[in-house]
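**Q** Can you read through this structure? Questions will come right after.
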Amino acid sequence: MQDEGMSDVPTAEPAAQSAYDLDLEMSLLLFSSAPDRWVTAVHEAARILINRPWVRGGRAGDELCTLALLLFARTYTGERQPHDVPTAELHDALAGPADREPQIIDEIELALNATGQSYDPTSLYAPPLWRIFNTIRSQYGGRLGSSLADDIEPPAPSPSPMRGAVQRLTELLTGCSDQERRQATAPEVQAGSLTIEADRIRIVTANSLVRLCCPDDHPARVVRADGPSAIRECAQGHVSEHWQLDPAHLRVAAARATGVRPSSQGVHQAQDLMIVAADMPRHSDPNEINAFLRQPEYPIVGRDDIIEQVRRKVDGAD
Ligand SMILES: [Zn+2]
């Protein structure tokens, strides 16, 4: 009780609540150089999914991304607008065997090639839209690179995130009428980046608080989320990505530090920006998950306590 003043983190709760909202998922797809047709496809996909529950830890972002890619593939030639594509047509395009990767992958790849969004092996970075597509259709979930580095047997492919999303979308679209869709309004999210300038930027894990630095070891002064990418920049202007820096986590951290919505664009200032590491849930509160920041009301549960609880269960005491 005497530590009441220590728990003064007024913006923590709103940030946690909005960590999975539809507008944040949209901002992760709406990068600053996004083609207009992609922006309208994302907004139309959001309109279709507006009544879907956007729950903590859910995979609704995969559904938004899959539907937006399909709408883009069906309208990139300009003959139709995304809102002209009937719901029944979307449903039929998604329906298919559940034990196979979705057939829409080929169609999306063709659309990205035709609009200059495909991957060029001679370039350092893939176009953002290709990156979005490649993440959701990947059957390796980032496991391929580390296995090659370790020179061990490559992992077997597993179902892509898109395969699961297609299954859920097929069910969702069964209950969605064109009329209902026309009446819905998507959140207004601009295509653009969110930049935070801060005196101190740290990456938070359960047991470490590490200052974010550039590869030359200068402290990062700026971080920026732009669609699927997140970058850091030091005072010398070195710009790079970092494996623990994720755009969704960065946006939630920015909301916590400055009070803006996680889906916001523009440039904001903070004194001390703490970004939860990419492999932890994005809604995590640094003050709860980190051993050094943890408040007394969130005590560290040691192994002894867990063993004691298990023992009591086994003994039938509980
Ligand atoms: Zn530097």
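**Q** What shape does segment 192-289 take by its C-alpha gyration tensor, where a ≥ b ≥ c are the square roots of the eigenvalues and a/c under 1.5 counts as rounded, a/b above b/c as prolate, and the rest as oblate?
**A** Note, shape of segment 192-289 comes out rounded.
**Q** If you average over every viewing direction, what projected area does the convex hull of the Cα atoms of segment 31-183 give, in nm²? The partial results should precede the final answer.
**A** Details: hull surface 42.1 nm².
Mean shadow area of the hull around the Cα atoms is 10.5 nm².
**Q** If you filter segment 72-148 for GluC sites (Glu not before Pro), then keep DSSP loop positions with at most 11 other Cβ within 10 Å, what is left?
**A** 79
The numbers here are math on the coordinates, done by the rules we state, and not lab data. None of these values were measured; they are calculated from a predicted model. Cβ atoms come from the backbone with ideal geometry, glycine included; neighbour counts cover every protein chain shown.
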